[in-house]
1. Looking only at strands (runs of 3 or more DSSP E) that fall completely inside region 74-121, which ones have 1 or more residues that are of a type in the set (Lys, Arg) and under 13 Å from Ile431 (Cβ atoms)?
2. Within region 66-80, work out how many residues are surrounded by fewer than 21 Cβ atoms within 10 Å (Cβ to Cβ) and at pLDDT below 95.
3. Test Gly337 against the criterion of being in contact with a Leu (Cβ under 9 Å, 6 or more places away or on another chain), buried (at least 22 other Cβ atoms within 10 Å of the Cβ), in contact (Cβ under 8 Å) with a residue 24 or more places away in the chain and in a loop (DSSP other than H, G, I, E, B), and give yes or no.
4. Identify all residues within region 239-256 that are in contact with a Lys or Arg (Cβ under 7 Å, 6 or more places away or on another chain) and under 26 Å from His158 (Cβ atoms); write none if there are none.
5. Only strands (runs of 3 or more DSSP E) wholly contained in region 381-432 count here; list those with 2 or more residues that are hydroxyl-bearing (Ser, Thr, Tyr).
6. Do you know which of the residues in region 243-261 that are touching a Ser or Thr at 6+ places or on another chain (Cβ under 7 Å) and surrounded by fewer than 23 Cβ atoms within 10 Å (Cβ to Cβ) is nearest to Gly273 (Cα to Cα)?
7. Considering region 121-145 alone, what residues qualify as being basic (Lys, Arg), under 12 Å from Glu188 (Cα atoms) and surrounded by fewer than 21 Cβ atoms within 10 Å (Cβ to Cβ)?
8. Is one or more of the residues making up region 344-361 assigned to a loop (DSSP other than H, G, I, E, B) and under 21 Å from the mean Cα position of the chain (by Cα)?
Amino acid sequence: MTSAQERDVALAGYWRSPWPCEDGGPRRTQAPASDFALDLKPGEKLTAHSRNMMVACMTILRGRGEVYLQGHLGGVGSEATSWVERIDPESLEPLKKSPPLPAGPFWPGGVAAHANGSLYVTFGRYCHRLDPDCQPVAARKLPRNRAYNSLIILPDGHLIMKDFAGGEGMHALPDGVRGSELLVLEPEALEIIARYELPQGSIARLSADVAEDGTPLVYVIGDRHALRLRWDAQRSKLHLDDDWMPEYLRYDGQTFGWDVVLAGGSAWFLDNGEGTAAFGPSFRGKGQSSSPLHLVRIPLDRPEPTYVEVCGKPGGIIANPPLIDAERGIAVGYDSGNGVVTAFRYGEPGETELLWSRDQDQAGHMIRFPRTGEVVSYDYDHKNSSERVVVLDIETGDEKGRVAINSPMQCVVFPSVGWDRDIYATTFSTIARVYVE
C-alpha cells in the first residue's frame, strides 16, 4: 500500500479536503492530503497578514475556499466556552460564527470536518456538532468533569475522544481514578456507544491508523506507557492490545510524552512534557526534566522503544509532536525549553545519523510538504516578543523563507495549509495567513 493509499484509508471518516483536521489527519503526519506546497523559489518571499484575537487554537479546511477557525474564551480553572468561525480565506474576517459553545474545564480542544458535512468540536467536557454555517445541531456533555482534548474520526464515522489527565502536575489523576477514559460517540445525536478506562492517565492527543485487516487502531501515549487499542465496530467495543504496551519512561528525570506520529512503520513522539502549564509567552527556560529530551521511536510490529537525544541538555520541554518524513527517512525533533531543532536520518530502529541542528525557538505543530521537502516551523524572537514563521529545507535545515506574524506569544498550537501557496498560523493571540509573494 502506498503512502497516498494509507492516507486515504486513515481519512475515510473525514471531509475530503487538503486539511480536514488538526495535523492533517489522524496519523498526525502533518502533511496535506494533496500535492500542495509553498514551493518557494529564488526571488520569492513570505508575506503575512494577521488578525489579533483571543484565544485561537486551530484552522481546518472543508469545501473549496472554506476555512474554519476554532478557539475558546476562559482560562485554566474557569468555566470556558468554545467557538468556531468560518473566515474569509484572505482577509481572515469572520463570515459565519457559532454562538458560545458550553465547555467547562479548560484545555485547548479541536475541530474536525466529518465526511457527513458536519463540523465536530470537542472542548472542555462537551462535544458539539455544527452545520457548515457554524450553527449547533447536537451536543453531548461528557461524563468526567475534566477537559477532553480534541477528537479523532474513525473510518466508519464514529468519533473518539478522551479526558486529559496524568503526570504529576495540575492535571494529575484524582484519587480513585485509574486512568483517562476513551469515549466513542456516534455522529448523529452524539450518543456515547463505548467507554474504556485506560490503565493510566494520558496527556497526549489521540492518533489513529488502520490495520491490514481493516481494523481501526487507536494509539495513546500514556504518562508511562504507549498503548494501542482496536475498535470492534460490530460489537461497539474497544480492546486494549496487551502485546503492544511498552513502558517508555526509562531514564531518571524523564517525563511523559505528547502526541504520537504514525509513520514509516513506527510510532514517534517527544518526551519531557511535564510542566507545560508554565507557558508564557514561550517555553524557553520552562523545562522541569533533568533528563535530556528524546525523540522516541517504537516500531508498530515490536514494542521496544529506541531513543535519540534532541540536543543533550537538561531542562527540555515540549507540548507537541515531532515531524517525520518517511519517504526521505528523516525525523525532525525539537526542544522548546532550550531552543533547538534537530533532524536525523534514520534507518532500522536504533539507527540514526545527525543530519543538521540549529538554534531555533520552535514549539508549535509543524507542516510538511512531501513534494518539495519544505517544513513550516516557528522561531520566537524573545528580544522583540514576536513569533515568526520559518520555512526550512528538510534535507539541509537551510531557511527558504521567514516572516513575522504579529503575535506576541509563541505558537504552541495548530497551523493548516491554505488554498493557494499559503498556510494559516495560529497562536493564542493571533491568526495569520502566510503566503508566497
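1. Here the list reads 80-87.
2. Total satisfying the criteria: 7.
3. For Gly337, the condition - in contact with a Leu (Cβ under 9 Å, 6 or more places away or on another chain), buried (at least 22 other Cβ atoms within 10 Å of the Cβ), in contact (Cβ under 8 Å) with a residue 24 or more places away in the chain and in a loop (DSSP other than H, G, I, E, B) - is met.
4. His239, Asp241, Trp244, listed by residue number.
5. Once the strands (runs of 3 or more DSSP E) in region 381-432 are filtered for at least 2 residues that are hydroxyl-bearing (Ser, Thr, Tyr), what remains is 422-426.
6. Gln254
7. Selection gives Arg140 alone.
8. yes
The values are calculated or read from the model by the stated rules, or taken from the named source; none is laboratory data. Everything numeric here is computed off the predicted structure, so don't read it as measured data. Backbone-built Cβ (ideal geometry, glycine too); neighbour counts: all protein chains shown.
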